[in-house]
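The values are calculated or read from the model by the stated rules, or taken from the named source; none is laboratory data. Not measured: the values here are computed from a predicted model. Positions of Cβ are generated from backbone atoms using ideal geometry, with glycine treated the same way; all protein chains shown enter the neighbour counts.
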Amino acid sequence: MSVDRAVMAFAGIMILLSLALSQLHHPYWLYFTAFVGVNMFQAAFTGFCPVAMLFKKLGIRTGVAFQ
């Protein structure tokens, strides 16, 4: 798995988790869903993604998504 796909998988898991928590605990968890979405949006334009930097340090290989 490349960093690109790992980031997308991580973002997807965080979104699904926050949606589940918003239904089970409190609707304020939807703010976390919005945070993840905004972070993905800004990363598309700036190339800055803290999770991608973390995954690179953990040794996940870099790559191009949807190749």
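Annotations for the structure displayed:
- Single unsatisfied condition, Ser22 versus (1) assigned to a helix (DSSP H, G or I); (2) surrounded by fewer than 11 Cβ atoms within 10 Å (Cβ to Cβ): (2)
- Residue within segment 39-62 that is surrounded by fewer than 11 Cβ atoms within 10 Å (Cβ to Cβ), part of a loop (DSSP other than H, G, I, E, B) and of a type in the set (A, V, I, L, M, F, W, C) present: yes
- The residue list Met1, Met8 contains one member that is closer than 16 Å to Thr62 by Cα, modelled with pLDDT under 95 and either in contact with a Leu (Cβ under 9 Å, 6 or more places away or on another chain) or not in a helix (DSSP H, G or I) (or both), which is Met1.
- All of Ala11, Ala52, Ala6, Ala43 fail the test of being free of Cβ contacts under 8 Å to residues at least 40 places away in the same chain and of a type in the set (Gly, Ala, Ser), apart from Ala43.
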